[in-house]
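The values are calculated or read from the model by the stated rules, or taken from the named source; none is laboratory data. Everything numeric here is computed off the predicted structure, so don't read it as measured data. Cβ: placed from backbone, ideal geometry, glycine included. Neighbour counts: every protein chain shown.
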Amino acid sequence: MHFLVTGGAGFIGSHLVERLLADGHAVAVLDDFNDFYAPAIKHANLAAAREAGVTLHTADLRDADAVARVIGGGKFDAIVHLAARAGVRPSIQQPRLYVDTNVVGTLNVLEAARAAGVRRVVFASSSSVYGLCQESPFREDFALLQTISPYAATKLAGEHLCSNYAHLFAMRIVALRFFTVYGPRQRPDLAIHQFTRRIARGEPIQQFGDGSTRRDYTYIDDILQGVLGALDLVNAGDDPYFDIFNLGESATTPLRDLIRQIETALGKKARIEQLPEQPGDVPHTCADISKARAQLGYRPQTPLEAGIPRFVEWFLKTQAAVEKNAAASSSHGGEPARQENALATTAAAATTR
């Protein structure tokens, strides 16, 4: 089959692209390589896939004409729409950018798919749509009446647009609510990556709140299993279809315990700088995955106590090359930003699974 993966140069997207290629599919990527974090990381994420023959389209989701050209000319069997502006806290600072990219951009993808006759789409949503839900674990049939960040609002709006297009235009669309995904290539701004990097360097980490906030952390291999199950579902028939699935580990871990597990894996003690809780952060997440188990064959295999050592192993294996790259850049008088890109490129490319 021929797939388009939007955001295919990102953390989840690049892993998915490699998996689809390994399974014998043709894959194209749409990504804008924006500077939310170092574009060098994203180029490195995609390096192996490009050598394997992936087609790359550099385009911004907000450019409806560019999106239409990519999708209209691709003859795709299905689209996995992962591209988005990510992160709760940045969305509070730049809400218009998040709405333009995540809502208008998703509309552009759906409209281009409709016009091109691509009737199968998998959409990446987020556990953040559950907001301040008190009942746990979170089920897909909860009435979601209040989100608490612009990012969460854009993801919920994206789900509604997907539902609209499924029912109005006979498209088969599945929305997947991802729960705190981690693993090799995780974005450098996310907690597990940040904590690991700073603890390894002997630098203090910032802990927002008293460490009692809880997350359902999901390893990348398990997320891929769920995405592939969703692709099997949307490709299973021609009738109009829309549904939503949680993809998590169905377990929840306090922040303080996460930090302890990283300390254990690194063999180093964290220096913790406690800060006030951040607006927009939800106090806890926990996925009810019974629906995904039943309909997608979803069977997560990697609990946090197994996933954190794997992540730390990947992180540590990159360090010698990262330091060598940084030293070389510094010796040539490179600017700090250029040095940071060199670090990012090396770390992203050295992936173990």
For the list (1) basic (Lys, Arg); (2) surrounded by 24 or more Cβ atoms within 10 Å (Cβ to Cβ); (3) more than 26 Å from Thr154 (Cα to Cα), I need the number of the one condition that Lys75 fails.
(2)
If Lys42 meets every condition in (1) in contact with a helix residue (DSSP H, G or I) (Cβ under 6 Å, 6 or more places away or on another chain); (2) among the basic types (Lys, Arg); (3) crowded, with 24+ Cβ neighbours inside 10 Å apart from one, which number is that one?
(1)
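So that you can scan it fast, the table gives a plain yes or no per residue for (1) touching a Phe, Trp or Tyr at 6+ places or on another chain (Cβ under 9 Å); (2) modelled with pLDDT of 95 or more; (3) of a type in the set (Phe, Trp, Tyr):
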position: His2; (1), (2), (3): yes, yes, no
position: Gly8; (1), (2), (3): no, yes, no
position: Ile12; (1), (2), (3): yes, yes, no
position: Ala28; (1), (2), (3): yes, yes, no
position: Phe36; (1), (2), (3): no, no, yes
position: Val54; (1), (2), (3): no, yes, no
position: Gly72; (1), (2), (3): no, yes, no
position: Asp100; (1), (2), (3): no, yes, no
position: Val103; (1), (2), (3): no, yes, no
Can you find, within segment 199-252, the residue that is surrounded by the fewest Cβ atoms within 10 Å (Cβ to Cβ) among those that are acidic (Asp, Glu) and closer than 19 Å to Pro283 by Cα?
Asp210
Selection count, segment 231-251, where residues are within 28 Å of Ser163 (Cβ to Cβ) and assigned to a loop (DSSP other than H, G, I, E, B)
9
Any chance you could count how many residues in segment 76-92 are more than 16 Å from Ala175 (Cα to Cα), of a type outside the set (Val, Ile, Thr) and in contact with a helix residue (DSSP H, G or I) (Cβ under 9 Å, 6 or more places away or on another chain)?
7
Residue under question is Glu313, and the condition is that it be under 21 Å from the mean Cα position of the chain (by Cα), closer than 19 Å to Ser212 by Cα and without any contact (Cβ under 8 Å) to a residue 60 or more places away in the chain; does it hold?
no
Of the numbered conditions (1) surrounded by 14 or more Cβ atoms within 10 Å (Cβ to Cβ); (2) among the charged types (D, E, K, R); (3) under 19 Å from the mean Cα position of the chain (by Cα); (4) at pLDDT below 60, Glu340 fails exactly one; give the number of that condition.
(3)
Has segment 111-118 got at least one residue that is in contact with a helix residue (DSSP H, G or I) (Cβ under 8 Å, 6 or more places away or on another chain) and either closer than 27 Å to Asp222 by Cα or in contact (Cβ under 8 Å) with a residue 60 or more places away in the chain (or both)?
yes
What single numbered condition from (1) more than 27 Å from Ile289 (Cα to Cα); (2) buried (at least 16 other Cβ atoms within 10 Å of the Cβ) fails to hold for Pro184?
(1)
Gly183 passes all but one of (1) free of Cβ contacts under 8 Å to residues at least 40 places away in the same chain; (2) closer than 27 Å to Asp232 by Cα; which number fails?
(1)
Taking segment 274-288 as the search range and keeping residues that are in a loop (DSSP other than H, G, I, E, B) and in contact with a Pro (Cβ under 7 Å, 6 or more places away or on another chain), which one is modelled with the highest pLDDT?
Asp288
Please indicate, with yes or no, whether at least one residue in segment 300-310 is buried (at least 19 other Cβ atoms within 10 Å of the Cβ), closer than 18 Å to Ile173 by Cα and among the charged types (D, E, K, R).
no
Can you work out which of the residues in segment 147-178 that are within 19 Å of Asp288 (Cβ to Cβ) and among the small types (Gly, Ala, Ser) is surrounded by the fewest Cβ atoms within 10 Å (Cβ to Cβ)?
Ala152
